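Below is one structure, written out as structure tokens; the observations come after it.
The values are calculated or read from the model by the stated rules, or taken from the named source; none is laboratory data. The model shown is predicted, which means the values in this text are computed figures rather than measured ones. So basically every Cβ, Gly included, is an ideal-geometry build from the backbone, and we count neighbours across all protein chains shown. Surface areas here come from the heavy atoms of the whole protein model, side chains and all, with no ligands, DNA or RNA. Shrake-Rupley method; radii C 1.70, N 1.55, O 1.52, S 1.80 Å.
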Amino acid sequence: MKISKLFLGLFTITLLVLSCSNEDAMDLIEADSNTVQEEASSKVLKQIGSGVMMQAFYWDVPAGGTWWNVIRGKVNDWSNVGIDAIWLPPVSKAQNGAFSMGYDPFDYYDFGEYNQMGSTETRFGSRSELTSLITAAHNNNLSVIADIVINHNSGGDSEPNVFTNSNTYTDYNPLSGLFERTQYDFHPNDYHNNDSGIFGGFADMCHHKSYVQDWLWKKPNSVAKYYKNTMKFDGWRFDYVKGFEPWVPKEFNKAVGGFAVGEYWDGNVEALKWWTDQAQMSAFDFGCYYKMKDAFMGNDLNALNGDMLWKRNASRAVTFVANHDTDEIVNNKILAYAYILTHEGYPSIFYKDYEEWLDKNKMNNLIWIHNNLATGSTTNLWTDNDEYIARRNGGANKNGLIVYINNSNVWQERWIQTNWSNQKIKDYTGNSGWEPTTQGDKWIKIQAPPKGYSVWSLK
């Protein structure tokens with residue numbers, strides 16, 4: 001059947017080629033090829049949110065153009081343990097060239113192929129190495145999320161600025177020849193003086209200008225469409241979204257689709273909820289992050305009863321324990337991962353935690369638990385200074401679970417109510433060897449080790 005469809009497709013293209021000019025025919029073949037590739041990818045990639053996201057970098061990863069190859073060597077193992085997407089750092093050439101982490105963008109279309117800003121490759125590698133990584137990720141069923149930095153730019157040449165009556169570094173002439181910028185595309189300009197926020201002393205892009213919108217998401221070769229259709233990215237992480245109104249990433253994502261999450265760095269859950277509603281996409285759950293910091297760094301698990309984005313709208317919450325900007329939960333960090341990997345929301349794992357700092361076997365076990373047991377609504381069963389117990393109520397052919405986090409220095413035991421009558425349960429972490437049977441009224445005694453956790457479900 002597949003062979004027949006392929007033959008018919010090639011036969012149709014051949015007939016069309018014969019009736020078109022060479023240029024039109026090549027466009028047709030390329031378009032058809034892109035369509036086939038996109039359809040194939042959509043069928044084989046894991047659904048983002050069905051597993052766990054991996055933040056595939058940390059601040060100041062090794063320079064020298066090797067990072068894309070490092071990550072390419074890990075995508076098979078990551079996919080096998082239950083990762084469904086990898087989030088890459090900004091991939092284009094930035095002002096600091098081979099030393100930049102990409103958050104000072106200069107040429108959005110230079111992925112390590114033009115000799116500018118002091119280097120040809122980016123800190124992470126060449127365009128071909130990036131393409132190879134994305135292909136390898138797709139071949140292992142993983143989506144690839146691009147870090148999009150569109151609030152500010154860096155590296156422009158100096159020019160006399162009629163809006164400031166001084167010279168500003170706002171003249172951008174990238175070697176790619178795409179998306180050249182001038183003072184009219186930054187603040188202040190002839191449209192207005194500023195938007196939501198600025199970032200340091202960087203040139204602040206004006207998203208209200210039609211020229212900027214054209215190049216960011218409207219044109220056929222806009223940043224959004226080039227990254228999606230040519231580079232084959234599957235989703236977007238928007239950097240510093242407080243720097244512009246939420247309609248900006250909304251329009252960007254509307255132009256190309258795919259998973260999208262914004263970095264709205266704020267512990268105010270009401271503000272996070274407002275932003276996700278306006279932008280119509282997910283946000284990193286800083287509300288959850290700061291409550292976990294209070295709980296585990298402050299040794300008071302009562303903080304876990306506080307407000308979090310996932311409790312308002314789990315489908316819009318990306319939970320995390322650490323990232324490249326903030327890594328403050330250092331006491332018993334594995335307990336924080338036990339929390340986000342058993343609760344609602346889409347959990348993100350930090351590269352350093354997984355690959356270097358924590359027990360990889362324990363992390364893999366928690367990922368498995370998340371993917372296979374953690375489903376349904378959440379019911380709090382017990383919280384005090386040292387103990388936290390919650391139940392995921394199950395659904396979609398999954399039994400749910402009960403997670404018991406113990407931040408004390410001794411073993412703890414509690415009677416709790418499950419959703420199961422007269423059934424044997426076990427701790428899927430292996431931290432407890434108990435395999436008790438629930439009573440007819442669904443009550444049972446469970447335990448958790450000191451400075452540890454247990455996760456219970458039907459045996």
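In nm, what is the difference between 0.36 nm times the number of residues separating Glu435 and Trp382 and their Cα-Cα distance?
Between Glu435 and Trp382, full extension yields 17.0 nm more.
Using the Cα centre of the chain as the reference point, and only Cβ charges (+1 on K/R, -1 on D/E), how large is the resulting charge dipole? Debye, rounded to the nearest 20.
Dipole magnitude for the chain comes out near 2040 debye.
So, with a 1.4 angstrom probe, what is the percent of accessible area on the chain that is carbon and sulfur?
49 percent
Quick one: grab Rg to one decimal and Dmax as a whole number for the stretch 245-298, Cα atoms only, in Å.
My reading of the Cα-based Rg and Dmax gives 12.9, 44 Å.
For Ser176, project a label point 7 Å along Cα to C-beta. Then give me every residue of the stretch 94-118 with its amide nitrogen under 11 Å of that point.
The answer is 94, 106-114.
Would you mind computing Rg(Cα) / (2.2 N^0.38 Å) for the stretch 405-459, counting N as its residues?
1.09
If I stretch the segment between Gln47 and Lys218 completely, what's the gain in nm (0.36 nm per residue apart, minus their alpha carbon distance), one decimal?
58.9 nm
Given the -39500 (n - 2.57) contribution per DSSP H run of 4+ residues, what per-residue ellipticity at 222 nm results for the chain, rounded to the nearest 500 deg cm²/dmol?
Dividing the helical sum by the residues of the chain leaves -8500 deg cm²/dmol.
If ligands, DNA and RNA are left out, what is the accessible area of Val256 with a 1.4 Å probe, given in Å² to the nearest 10?
Surface open to solvent at Val256 totals about 30 Å².
Compute the distribution of all C-alpha to C-alpha distances in the stretch 118-209, in bins of 5 Å from 0, and list the percent of pairs in each, rounded to whole numbers.
Result, from short to long distances: 3, 12, 17, 19, 14, 11, 11, 8, 4, 2, 0 percent.
Could you work out how much longer the chain between Lys424 and Val330 gets when fully extended? Use 0.36 nm per residue separation minus the Cα distance between them, nm to one decimal. Working shown, then result.
Numbers: separation 94, 0.36 × 94 = 33.84 nm, distance 3.54 nm.
Stretched out fully, the Lys424 to Val330 stretch lengthens by 30.3 nm.
Note down the relative contact order for the stretch 274-362 as a percent, whole number, built from C-alpha pairs under 8 angstrom at least six residues apart.
Relative contact order, the stretch 274-362: 27 percent.
Tell me the Rg and the Dmax, in Å, that the Cα atoms of the stretch 192-311 produce.
16.8, 53
Sticking with the crude label model, points 7 Å out along Cα→Cβ, report the distance from Asn167 to Asp277 in nm, one decimal please.
Taking the simple label geometry, Asn167 and Asp277 are separated by 4.9 nm.
Could you order Arg414, Arg181 so the one with the most accessible surface comes first? Probe is 1.4 Å.
Heavy-atom accessible area, descending, gives Arg414, Arg181.
Before anything else, pin down the relative contact order of the chain: Cα pairs under 8 Å, at least 6 apart, normalised by residue count, whole percent.
Relative contact order of the chain: 10 percent.
Hey, what angle do you get for helix 269-279 against the long axis of the chain, alpha-carbon based, 0 to 90 degrees rounded to 10?
40 degrees
Could you calculate, for the chain, the ratio of the Cα radius of gyration to the Kirkwood radius, expressed as Rg to Rh?
Rounded to two decimals, Rg over Rh is 1.03.
Please find the FRET efficiency linking Asp190 to Trp265, where r is the Cβ-Cβ separation and R0 is fixed at 35 Å, and quote it to the nearest 0.05.
0.70
Per the Debye formula with a single identical scatterer at each Cα and no solvent contribution, what log10 I(q)/I(0) holds for the stretch 317-459 at q = 0.10, 0.16, 0.19, 0.20 Å⁻¹?
For the stretch 317-459, the Cα-only Debye profile gives -0.32, -0.81, -1.14, -1.26.
With the crude spin-label approximation of a point 7 Å out along Cα→Cβ, what separation in nm comes out for Tyr211 versus Trp357?
In this crude label model, Tyr211 to Trp357 measures out at 4.4 nm.
Measure of size requested: the Rg and Dmax of the stretch 170-217, with Cα atoms as the atom set and Å as the unit; please supply both.
Just the Cα atoms of the stretch 170-217 yield Rg and Dmax of 10.7, 30 Å.
Which parts of the stretch 177-193 would a label at Ser158 reach, counting a residue when its backbone N lies under 18 Å from a point 7 Å out along Cα-to-Cβ?
In the stretch 177-193, the label zone of Ser158 (backbone N under 18 Å from the point 7 Å along Cα→Cβ) covers 182-183.
Over the heavy atoms of Tyr226, what accessible area does a 1.4 Å probe trace out, to the nearest 10 Å²?
Approximately 50 Å² for this residue.
Farthest toward the dipole's positive end in the chain, which of Thr122, Ser210, Tyr227, given Cβ charges of +1 (Lys, Arg) and -1 (Asp, Glu) about the Cα centre?
Value computed over the given set: Tyr227.
To the nearest 10 Å², what's Phe296's accessible area with a 1.4 Å probe?
We get 0 Å² for Phe296.
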